Amino acid sequence: MKAFCGRTKSSIGGFDCVEEPEDFDYHQEIARSSYADMLYDHDRNKKYYQGIRAAVAHVQAKGEKVIVLDIGTGTGLLSMMAVSAGADFCYAVEVFKPMADAAKCIVEKNGFSDKIKIINKHSTDVTVGPGDDMEMKANVLITELFDTELIGEGALPSYEHAHQNLVQEGCVAVPHRATVYAQLVESQLLWSWAQLQPIEVQGTQLLAPPAMGNCSGTHSVCDIQLSQISPSCFTALSPICTMFSLDFSKPVSSAPQSYSAQFVAQTNGLAQVVLSWWDLDMDPSGTIVCTMAPSWTYPQPKMAPWRDHWMQSVYFLPAECKATKGQELTLTVYHDDFSLWYSLKSLSRQHSQDSMILSRPSCTCQAHLVWNRPRFGELNDKFRTDSYVSALHSVLKKDSICLGVSDGSLLPVFAHLLGAKKVFSLENFTMTKKVIEQVLDANSLGGQVELLDIKPEQLTLQDLGGEQISLLIGEPYFCTSLLPWHSLYFWYCRTTLAGLLRPNATILPCSATLHMVAVEFQDLWRIRAPCVTCEGFDVTPMDEMIQKSLDFQESREAEPHPLWEYPCRALTESTAVMTFNFTHCVPQQPIISQGSQPFIRSGHCHGVAMWLVYHLTPNISVSVGLTEPIGEQGHCEWSRHSKQGVYFFRSRWEDSGSDRAAVLYNFTFEPSSGEVKMDFNVKSH
């Protein structure tokens, strides 16, 4: 049996249905899971174990049998902890069948099959009674239902149902309580991810449409490794505020709620962004605390535990507003059953409606549906914009006929402002076309750039007013790109449009180079490394399951990661390994690049990072990877606007520096699909 799965292909600039084995999606979901990351989170595991011991002891002290319900058991780790702590029996619920099967193997391997029952259901489908899923209601409730936003995985409805149907009144919950914290800040860096800001183009200011400035944006949380945002990148306008707590040992409601915190502004500034995270109290006394606080809240930042399954949240206020030192303000958080959002009021403007639930934010301008947050940051990056403007200025002529090929790009607008005779722009999506139309209209440029909502292969000379293209421009940026080389769709468009180009047409960018560097990750390696044992329990069946799925296909491919959030050290030089010459059409034959890169620093090599550098002109380049030369100790500065490709080695390779060794690489660009295939090996000389 075969199945059709969507895969991004550079050759078509989007998703294509590719025939894969029937269980391809199954293996891909397992391969990309974060279970290993959770098992490597020693702080989380230790705190859970302590909380479970306390809960079991509390029930035993009352002379009762300890019956545990573990919702979202995953590997069965928390249930095994409970039995080891003295629980009489555990019902472990896991809805994801591959994980439930792995949990059964792990429980059996560790000798707990007689005291742990794995139930492969959603907790809301579990039944209680003689002969049912659970013989009786539980008096200890253990859960791991949380995401970065705390409630985004449906924790509230699950708790609500469990208290009504699956646990005894007065049960002990682990964790016992969650508390959400927030801090109001001014941050030009973070705010650049929310709104299009005025852009300077050689003396002309390009303004954002009013509809964008008045739009509250999308409701989805921006989850990032906030520890990688230096305190120097924001100004705190409020103290860290305790917004609300949820007591999981008592009945929980999933109904919409709001909570407010009042404070006095600490300094003058623009209220723009709310930084938020949460703590878990594993016991009622609050002595066992697992916190998601960013590292800069710690007296010693290096003491902060690293985790990727729970990060921190950034929320953007609907509009920025002035805050004055000493001003009394009220920050309000709202939640429904799956998400949070915030609003800010001055106490002098409080009114009775503040107690009402403010509707969840939604985008009304369409820009936030077209441009994701890194894309807003990219469009607002002055250095990047100046590079493109300088490159355009150097190649534009008064008689230039320009065609832009990117999704929702401002380059064609820049080309018009710089004096091109005529400018066209191909838009793959109707929505991106409407957004650029808004920008043009807001700047009294309506009709100055002709937006064509057609595919490159459909474009005719008639669409161009009978004139051939003298300047083909692209960032390139495409909404469907996941890995850096997916934007090579620009090259395929250039090839398709060859018949409409003048013989001496200029292509911008003129080329791109694929770069690589072997790296040692500070923490990211944990998401792909086998765990073997966790808190004394053997979890090798899970390692084997994940490796089997990786071997199925994923391990031979790179995966996208925003490396600015994940510190790493370069162990080799940064090397250009392949060039794509856009001044020529896509070749018929594959491009192959083989070679080796010697290690120049000792360390643990976890894999290879890859990215593209676009050469706009022979003298002006823009990188979507490294933005600065590698530091003397291997420090890397990565673009915040893009994800880089990461190829993880199956096992880390350690270079002591005592012998000469190198990373051997083999890249193949397949013109038929636009795929970049790769293979790596580490070899000692």
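Points worth noting:
- From the options Val676, Val646, residue that is buried (at least 18 other Cβ atoms within 10 Å of the Cβ), of a type in the set (Val, Ile, Thr), under 29 Å from the mean Cα position of the chain (by Cα) and within 17 Å of Ala570 (Cα to Cα): Val646
- Elements of the type strands (runs of 3 or more DSSP E) sitting completely within region 235-300 and holding at least 3 residues that are of a type in the set (Ser, Thr, Tyr) and within 15 Å of Thr179 (Cα to Cα): these cover 257-264.
- Leading residue by the ranking (farthest from Ala609 (Cα to Cα)) among those in region 466-492 that are open to solvent by less than 20 Å² (accessible area, probe 1.4 Å) and among the aliphatic types (A, V, I, L, M): Ile469
- Qualifying residue in region 394-409 (condition: touching a Phe, Trp or Tyr at 6+ places or on another chain (Cβ under 8 Å), among the β-branched types (Val, Ile, Thr) and either open to solvent by 60 Å² or more (accessible area, probe 1.4 Å) or in a helix (DSSP H, G or I) (or both)): no
- Residues located in region 54-64, provided they are open to solvent by 80 Å² or more (accessible area, probe 1.4 Å) and without any contact (Cβ under 8 Å) to a residue 24 or more places away in the chain: Ala61, Lys62
- In region 110-145, residue nearest to the chain's Cα centre (by Cα) [restricted to those that are within 22 Å of Trp310 (Cβ to Cβ) and at pLDDT 95 or above]: Thr143
- Restricting region 42-53 to residues that are within 16 Å of Leu141 (Cβ to Cβ) and touching a strand residue (DSSP E or B) at 6+ places or on another chain (Cβ under 8 Å), the residue that is surrounded by the most Cβ atoms within 10 Å (Cβ to Cβ): Ile52
- Residues located in region 258-280, provided they are open to solvent by 20 Å² or more (accessible area, probe 1.4 Å) and polar (S, T, N, Q): Ser258, Ser260, Gln262, Gln266, Thr267, Asn268
- For Val83, the conditions (1) at pLDDT 95 or above; (2) open to solvent by less than 30 Å² (accessible area, probe 1.4 Å); (3) within 20 Å of Met545 (Cα to Cα) all hold with the exception of (3).
- Residue within region 425-443 that is more than 22 Å from Leu369 (Cα to Cα) and either aromatic (Phe, Trp, Tyr) or exposed (fewer than 15 other Cβ atoms within 10 Å of the Cβ) (or both) present: no
- The number of residues in region 226-263 that are farther than 30 Å from Val59 by Cα, of a type outside the set (A, V, I, L, M, F, W, C) and more than 25 Å from the chain's Cα centre (by Cα) comes to 9.
- Check on Gln300, open to solvent by 20 Å² or more (accessible area, probe 1.4 Å), over 23 Å from Pro562 (Cα atoms), in contact with an Asp or Glu (Cβ under 7 Å, 6 or more places away or on another chain) and not basic (Lys, Arg): no
- Count - residues of region 312-332 that are modelled with pLDDT of 95 or more and open to solvent by less than 20 Å² (accessible area, probe 1.4 Å): 9
- Those strands (runs of 3 or more DSSP E) lying entirely in region 521-631 with at least 1 residues in contact with a Gly (Cβ under 9 Å, 6 or more places away or on another chain) and in contact (Cβ under 8 Å) with a residue 12 or more places away in the chain: 559-561, 568-570, 575-581, 603-617
- Long-range neighbours under 6 Å by Cβ, at least six apart or interchain, first residue surrounded by fewer than 18 Cβ atoms within 10 Å (Cβ to Cβ) within region 352-377, second at pLDDT below 80: Arg360/His219
- The one condition in (1) within 17 Å of Ala367 (Cα to Cα); (2) modelled with pLDDT of 95 or more; (3) among the polar types (S, T, N, Q) that Ser394 fails to fulfil: (1)
- A single member of Val18, Val59 is of a type outside the set (Gly, Ala, Ser) and at pLDDT below 95, and it is Val18.
- Tally, over region 186-225, of residues that are acidic (Asp, Glu) and under 25 Å from the mean Cα position of the chain (by Cα): 2
The values are calculated or read from the model by the stated rules, or taken from the named source; none is laboratory data. Please read all numbers here as calculations on a predicted model, not as lab measurements. Neighbour counts run over all protein chains shown; Cβ positions are idealised from the backbone, glycine included. Surface accessibility is based on the protein's heavy atoms, side chains included, excluding ligands, DNA and RNA. Shrake-Rupley method; radii C 1.70, N 1.55, O 1.52, S 1.80 Å.
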